[in-house]
Amino acid sequence: MKMSGAEILIDSLKELGADTIFGYPGGQALPIYDALYDSDINHLLTRHEQGAVHAADGFARASGKVGVCLATSGPGATNLVTGIANAYMDSVPLVAITGQVPTSMLGRDSFQEVDITGITLPITKHNYIVKDIRDLGRIVKEAFYIASTGRPGPVLIDIPKDVSAGEMDYHPNGFLDLPGYNPPRKGKEELLNQAFKAIAQSQRPVIYAGGGIISAAAHQELRKLAETLLAPVATTLMGLGSFPEDHPLSLGMLGMHGTKYANYAICECDLLIALGVRFDDRVTGKVESFAPHAKIIHIDIDPAEMGKNVRVDIPIAGDVKVVLNQLLERLEARLAGAWQEKVARWKKEYPLEVKAGGNGLKPQQIIREIYQQTAGQARITTEVGQHQMWAAQYYTYTKPRSFISSGGLGTMGYGFPAAIGVQVACPEETVFDIAGDGSIQMNIQELATAMDYNLPVNVAIMNNGYLGMVRQWQEMLYNRRYSHSEMRGPDYVKLAEAYGAEGYQVTRQEEVADVLQAAIQSRKPVLMDFIIEREENVLPFVPPGKALNEMIG
Ligand SMILES: Cc1ncc(C[n+]2csc(CCOP(=O)(O)OP(=O)(O)O)c2C)c(N)n1
């Protein structure tokens, strides 16, 4: 059948089950937009390409499917760059499609030409420029396969206008031939044997679980492992929700703003079982002092992570779900002893607290209230800063894909468009973006998108009138010299109303629960401006370059 390149693209997307695209049009993408006009693909027009890519990323993290975004060439393509890097750092399956100038105009500094495959080479798992329409169908399939298998990640497909507008006789075929791309699945027997031995010899095991558990849907295996070994579980920011935080073995988050008991447990354990993690510096603190007494078993799909940041004694490359099942087949249940008692004592002695005092709302209390009012069932996204860490610490995550945040890149402006993507993926659920007054101003324009598509996303702004995390570092590390970290925002109630959404300003504790309930009940997007204690800090805090047991607070 004669089809245009754009029709082949749409047809392939549908065949792959990709029925939702977040995008923004422009000249070089017009053939694709024209084909979308007749298709039943759900396209959401955002107000900025960065909004589109973060929404696709949030959609992917909430649903487990590949997120798809679409932009035109030049400025449209470069506006995707932050979002692509964000997805790359957090291993999110994403396909970004960009329009490009016609092949005959390439390399001539043509109007709106940028070398987007060159620009995104270091921040994509793979990328393509399609120079021949006959390659298009195959490339789309490859892109989805690469994005979603092995260690997930973003793939970019750049399509010149003559390719999307061109025509050919097209017969879809599902054949994939990618020699050299073979993500490992099973762990090697010899290494598994070493792992069994290390486990048998250990007295004080700890599990350190990351986002890889969630990508691999290995949360049940993780729980079984923890319960079999009675090993306490600390998670990374990306791993929140992989292990139920209301479980007695949960240590919450570890690292720079981790719980005291998680960090103490890491410092004293004699075996660390690291699952789907990458030993980020926000987790390890001073690398030489990380888990100083422990043998380290590292299980991860990406062999390149083995020994990258930290020495590992037993590196097992494989799909974490498959490898955990291999281990669980042979592990025997253990009994509680002195180690479990010690950890339980730490948990009692050093709980995460909300200290009274000051003359504004306490952000920790607001987040606990969001937990109460949503019965722990909400999908939470965040921006980046202090509020992100409070959201990580004070909401109790019990399910995978319930906490969605920019971990690796730390992208301010991520949370709100991501929440839009999450709400599209989970239309029946309550979605909250926990935001800072700095971050929310980075992609606030997407309120118009939320209004257009009737997405009742709730935004809870922790408004301290500062770029709070920057201010905290200036307070603690730069002698309170608050250089350019104080900033004012707009009247958020009026702003919400200008977009047709609902807005509230909250200054008194007694109002918090009522406003949250009103927001949850509302079928509209809601902006809540919580005026918080201005100089509240995130504690505990491991200053950069210090060991985990050198925490402040
Ligand atoms: C795009 C981007 N620019 C700069 C930063 C550096 N940065 C990290 S946290 C932060 C302050 C965030 O302030 P706000 O959103 O108000 O949140 P708060 O820390 O007050 O909760 C800044 C500027 C960043 N992470 N991302």
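Points worth noting:
- Here the stretch 381-418 is the region considered, the condition is being aliphatic (A, V, I, L, M) and more than 11 Å from the chain's Cα centre (by Cα), and the residue that is nearest to Ser522 (Cα to Cα) is Ala391.
- Among the residues here, Leu9 qualifies as closer than 25 Å to Gly64 by Cβ, touching a residue at least 24 places away in the same chain (Cβ under 8 Å) and assigned to a helix (DSSP H, G or I).
- Qualifying residue in the stretch 209-230 (condition: hydroxyl-bearing (Ser, Thr, Tyr) and open to solvent by less than 20 Å² (accessible area, probe 1.4 Å)): no
- Gly357 being outside any helix (DSSP H, G or I), at pLDDT 95 or above and surrounded by fewer than 17 Cβ atoms within 10 Å (Cβ to Cβ): no
- Yes/no for Gln364 being part of a helix (DSSP H, G or I) and open to solvent by less than 30 Å² (accessible area, probe 1.4 Å): yes
- If the condition is being assigned to a loop (DSSP other than H, G, I, E, B) and surrounded by 19 or more Cβ atoms within 10 Å (Cβ to Cβ), then the stretch 114-144 contributes Val114, Thr124, Lys125, Val130.
- Count - residues of the stretch 226-243 that are within 17 Å of Lys399 (Cβ to Cβ), β-branched (Val, Ile, Thr) and not in a loop (DSSP other than H, G, I, E, B): 2
- Residue match in the stretch 497-504 (condition: more than 26 Å from Pro544 (Cβ to Cβ) and either open to solvent by less than 20 Å² (accessible area, probe 1.4 Å) or within 15 Å of the ligand (Cβ to nearest atom) (or both)): yes
- Pairs with Cβ under 9 Å, 6+ apart, first in the stretch 165-181 and open to solvent by less than 60 Å² (accessible area, probe 1.4 Å), second assigned to a loop (DSSP other than H, G, I, E, B) and among the hydroxyl-bearing types (Ser, Thr, Tyr): Tyr181/Thr149
- Of the residues making up the stretch 409-428, just one is touching a residue at least 60 places away in the same chain (Cβ under 8 Å), open to solvent by 20 Å² or more (accessible area, probe 1.4 Å) and within 16 Å of the ligand (Cβ to nearest atom), namely Leu409.
- Criterion: touching a Cys at 6+ places or on another chain (Cβ under 7 Å) and among the β-branched types (Val, Ile, Thr) - qualifying residue of Val101, Val92, Val53, Val81: Val53
The values are calculated or read from the model by the stated rules, or taken from the named source; none is laboratory data. These numbers were taken from a predicted model, which means no experiment stands behind them. Quick reminder, even Gly has a Cβ in these numbers, built from the backbone with ideal geometry, and neighbours come from all protein chains shown. Note: areas computed on protein heavy atoms with side chains; ligands, DNA, RNA excluded. Shrake-Rupley method; radii C 1.70, N 1.55, O 1.52, S 1.80 Å.
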